[in-house]
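Reading through the structure tokens given below for one structure.
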Amino acid sequence: MCFFQQAVPFPGTEFYEWVKEEGYLITEDYSKWLNDDGYLNCLVNYPYASADEIEKIRDNLMSKYYFSFTYIFKTFFKQFRLDRV
């Protein structure tokens, strides 16, 4: 299993202080951390990559991994072997 996640600026961390000082932090409102589906929003807008771009990259990486032939093949045969034991 694999999971891709963007860096999260948790309050009290050096990363949080850095993104806040640089003006990259999108919100300090915790109610805006999750999207309507319950997934963590990207909370940082870098000058070279917006939050939307980072989310698209993350989602693309997840899709490439889980829809790859290798992953599907391994998952299928792992399940097949477990059913036979």
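The values are calculated or read from the model by the stated rules, or taken from the named source; none is laboratory data. None of these values were measured; they are calculated from a predicted model. A quick note on method: Cβ atoms are made from the backbone with ideal geometry, for glycine too, and the neighbour counts reach across all protein chains shown. Side chains included, ligands, DNA and RNA excluded: accessible areas come from the protein's heavy atoms. Shrake-Rupley method; radii C 1.70, N 1.55, O 1.52, S 1.80 Å.
Of the solvent-accessible surface of the chain, computed with a 1.4 Å probe over protein heavy atoms with every protein chain present, carbon and sulfur atoms account for 58 percent.
Here the spin labels are modelled as points 7 Å beyond Cα on the Cα-Cβ line, and at LEU34 and MET1 they lie 1.8 nm apart. Solvent-accessible surface of the chain, taken per residue with a 1.4 Å probe and all protein chains present: 81 Å². Here LYS64 is the anchor, and the lysines within straight C-alpha reach of less than 16 Å, apart from those fewer than 8 places off in the same chain, are LYS56, LYS74. The stretch between PHE77 and GLU21 holds 15.2 nm of extra length on full extension. This uses 0.36 nm per residue minus the Cα-Cα distance.
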